[in-house]
Amino acid sequence: MERLATFRAVVFWTVLLFLGLATSISPISIKGSKLYDENGTQFFVKGVQYIYAETGVNTIRVLGADSTKKHKDCMDAFAREGIYIWLELAIIPDYWIDRLEPKWTLPMYNNWTSTVDEFAGYDNLLAFTVASATMDNTTEGSLSAPYVKAATRDMKAFRNARGYRQIPISYAAFDDQPQLSFSGKYLACGDDEDTIEMLGVESYALCEKTTMESGLSNIHNSFQHYNMPIIFTSAGCIEDPEGKRDFSDVSAMFNSSFQDTFSGAIVYQWSQYGANNWGLVEYFNEAQTGTPTALSDYMVVSTIFSIVNPTGTAMFSYQPTEAAPACPTSNSASAWVVNPSQSLPTIAGLNIKTVTRRTSILSSTTESSTTQTSTTEPASETSSTGSVSSPPNDEARAGSSMSRGSLIGAVVGSVIGGLALIAFAAWFFIRKRGAETLQKPDEGNDSEKTLKTELAGLPVAPRHELPEIRQNDNDYDPASTISYLPPYDLPRGPNEVGELSSTGISEALSIPVHEMPPMNHLLEHG
């Protein structure tokens, strides 16, 4: 009976491993001006400002999340549906970079880095955004640019010091010219440690066919040679608030002639809000809870995303030739009054060198960990200003991603092969011992000793350890799993072994995917 129980335990853990692999989602990395998954397939964003998989999207844009709450359930639910999250770091006005009164302060830094700590462990976290539409076609708006760049510098430095993967740091700009061109150049030029890694373009005015074609061509020409991905972060022509949208501009953004520069689009917006008619669904209470009703725009977007399937360029055949643009010069006639050589703002008392690497960074989807040595508390006002080294370049990051993916594949393959051999050995041994039992009588204790001696040479699957007890906030792993067995023997019950049916395995190991929660549920409850 014990041998049969051992064999079934091996089968159980093999099934568990396969189920874990089935829910995995590949992190996205940057190579040149393109996005790639770990298989080297180019990734194109098909997104909406909060939506779920039935529309055919692979990305949602979330305009802020409360880092004091836990978001594991939401992030895991999105990962099971193959959905990535593009997250804005500032959730309330106190932590925004204000267009008219820009600032970059220690409370803002601490709030943003707590959000990075909360979400960086998830493989389906696509990017962080430091600011949206801060720079406009006014002199005042252009003056916020150095603060956006300073925030970018410190978020990249914090990410690298913590040992997180190279999650892109981005900015989302209005498509107003010439400010779009000026702001894009300014945030992408100069030292690598100061520059954004992905640029979002918010475009609502590409309505008429001729305007749409010329507008997209102008944006394409402006960023054609940039060394970073360009994505439309808010798309869907809004011409008549009372009318319906056909989203032809969204379809055009995936045109093959633009794929060398554009990496997808995110539709604005998920639900009806206030007096506008721009939502894809509608809730029937002010809190926007419960089951929403799909509107006609929902079906239009679903149809478009099911039709547009850009193939892109495989990573192995793509050799980036794009380069960072030159910094724009001050031009008062165009309302751009930023001196490109001026020093960026710094936070008094902030020393990035005191930030230490995160311990036990676990992925919710691969359950792999990177063990580091120490953690750090939020920055205090008693340390001095410092600097950090620049991160690896885009090609090195992409290559690292491929190497990691290949390594994971090799390890997983070895584990599966080992488990299969153990299962076969257990099965063969059981059959052999059964045949011997039928051929000769029980010899008592001597037979039992012989059995133990023979079993001693068989490989044993490693015991899964319980997760470490949380010592402080920095040790907390938002993506830690709970699917561990206790490291002690359980008491025997009246029935030593029960039949392990496929239905029982499914019920024991599977968590049903419910419909996605509404936006306020994501922000308030995680």
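The values are calculated or read from the model by the stated rules, or taken from the named source; none is laboratory data. As the structure is a prediction and not an experimental result, all values here were calculated from the model. Cβ: placed from backbone, ideal geometry, glycine included. Neighbour counts: every protein chain shown.
For segment 140-185, the set of residues classified as among the hydroxyl-bearing types (Ser, Thr, Tyr) and closer than 21 Å to Tyr109 by Cβ consists of Ser144, Tyr147, Thr152, Tyr164, Ser170, Tyr171, listed by residue number. Kindly indicate whether any position in segment 50-57 is part of a helix (DSSP H, G or I) and more than 18 Å from the chain's Cα centre (by Cα). Within segment 50-57 (the criterion being part of a helix (DSSP H, G or I) and more than 18 Å from the chain's Cα centre (by Cα)), the answer is yes, since at least one residue qualifies.
Yes or no, residue by residue, for (1) assigned to a loop (DSSP other than H, G, I, E, B); (2) among the hydrophobic types (A, V, I, L, M, F, W, C); (3) in contact with a Pro (Cβ under 6 Å, 6 or more places away or on another chain):
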{"residue": "Ala265", "(1), (2), (3)": "no, yes, no"}
{"residue": "Glu286", "(1), (2), (3)": "yes, no, no"}
{"residue": "Thr291", "(1), (2), (3)": "yes, no, no"}
{"residue": "Asp297", "(1), (2), (3)": "no, no, no"}
{"residue": "Val301", "(1), (2), (3)": "no, yes, no"}
{"residue": "Ser306", "(1), (2), (3)": "no, no, no"}
{"residue": "Thr311", "(1), (2), (3)": "yes, no, no"}
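Taking Arg99 as the residue in question, decide whether it is surrounded by fewer than 23 Cβ atoms within 10 Å (Cβ to Cβ), of a type in the set (D, E, K, R) and closer than 24 Å to Ile266 by Cα. Can you show your working first?
Working: surrounded by fewer than 23 Cβ atoms within 10 Å (Cβ to Cβ): yes; of a type in the set (D, E, K, R): yes; closer than 24 Å to Ile266 by Cα: yes.
Criteria met by Arg99.
One line per residue, one yes/no per condition, for (1) in a strand (DSSP E or B); (2) under 22 Å from the mean Cα position of the chain (by Cα); (3) without any contact (Cβ under 8 Å) to a residue 12 or more places away in the chain:
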position	(1), (2), (3)
Ala205	no, no, no
Ser214	no, no, yes
Phe232	yes, yes, no
Asp249	no, no, no
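Scanning segment 187-232 for residues that are in contact with a strand residue (DSSP E or B) (Cβ under 8 Å, 6 or more places away or on another chain) and under 24 Å from Phe158 (Cβ atoms) yields Leu187, Ala188, Ile196, Glu197, Met198, Leu199, Gly200, Met228, Pro229, Ile231. Comparison of Thr321, Thr346, Thr356 shows that the only residue that is surrounded by fewer than 17 Cβ atoms within 10 Å (Cβ to Cβ), polar (S, T, N, Q), at pLDDT 95 or above and over 18 Å from Ile60 (Cβ atoms) is Thr346. Applying the criterion of being of a type outside the set (Asp, Glu) and assigned to a strand (DSSP E or B) to the residues of segment 267-284, the residue that is surrounded by the most Cβ atoms within 10 Å (Cβ to Cβ) is Val267. The single condition among (1) outside any loop (DSSP other than H, G, I, E, B); (2) modelled with pLDDT of 95 or more that Ala77 does not meet is (2). I'd like to verify a number: residues in segment 94-111 that are more than 14 Å from Ala150 (Cβ to Cβ) and polar (S, T, N, Q), how many? Of the residues in segment 94-111, 2 are more than 14 Å from Ala150 (Cβ to Cβ) and polar (S, T, N, Q). The test for being of a type in the set (Ser, Thr, Tyr), in a helix (DSSP H, G or I) and at pLDDT 95 or above does not hold for Tyr171.
For segment 127-168, a residue qualifies if it is β-branched (Val, Ile, Thr) and either surrounded by 21 or more Cβ atoms within 10 Å (Cβ to Cβ) or not in a loop (DSSP other than H, G, I, E, B) (or both), and the qualifying residues are Thr129, Val130, Thr134, Thr139, Val148, Thr152, Ile167.
Is there a residue being modelled with pLDDT under 95, surrounded by 14 or more Cβ atoms within 10 Å (Cβ to Cβ) and more than 25 Å from Ile60 (Cβ to Cβ) anywhere in segment 249-257? No, because not a single residue in segment 249-257 is modelled with pLDDT under 95, surrounded by 14 or more Cβ atoms within 10 Å (Cβ to Cβ) and more than 25 Å from Ile60 (Cβ to Cβ). The residue list Ala335, Ala379 contains one member that is in contact with a Leu (Cβ under 6 Å, 6 or more places away or on another chain), surrounded by 17 or more Cβ atoms within 10 Å (Cβ to Cβ) and either modelled with pLDDT of 50 or more or aromatic (Phe, Trp, Tyr) (or both), which is Ala379.
Among the residues of segment 295-306, are any surrounded by fewer than 12 Cβ atoms within 10 Å (Cβ to Cβ) and under 25 Å from the mean Cα position of the chain (by Cα)? There is at least one residue in segment 295-306 that is surrounded by fewer than 12 Cβ atoms within 10 Å (Cβ to Cβ) and under 25 Å from the mean Cα position of the chain (by Cα). Give the number of residues within segment 22-34 that are modelled with pLDDT under 90 and either of a type outside the set (A, V, I, L, M, F, W, C) or surrounded by 24 or more Cβ atoms within 10 Å (Cβ to Cβ) (or both). Residues meeting the conditions: 6.
In summary, Ile85 fulfils each of the numbered conditions (1) surrounded by fewer than 21 Cβ atoms within 10 Å (Cβ to Cβ); (2) of a type in the set (Val, Ile, Thr); (3) part of a strand (DSSP E or B) with the single exception of condition (1). Going by the structure shown, is Thr211 of a type in the set (Val, Ile, Thr) and surrounded by fewer than 24 Cβ atoms within 10 Å (Cβ to Cβ)? Yes.
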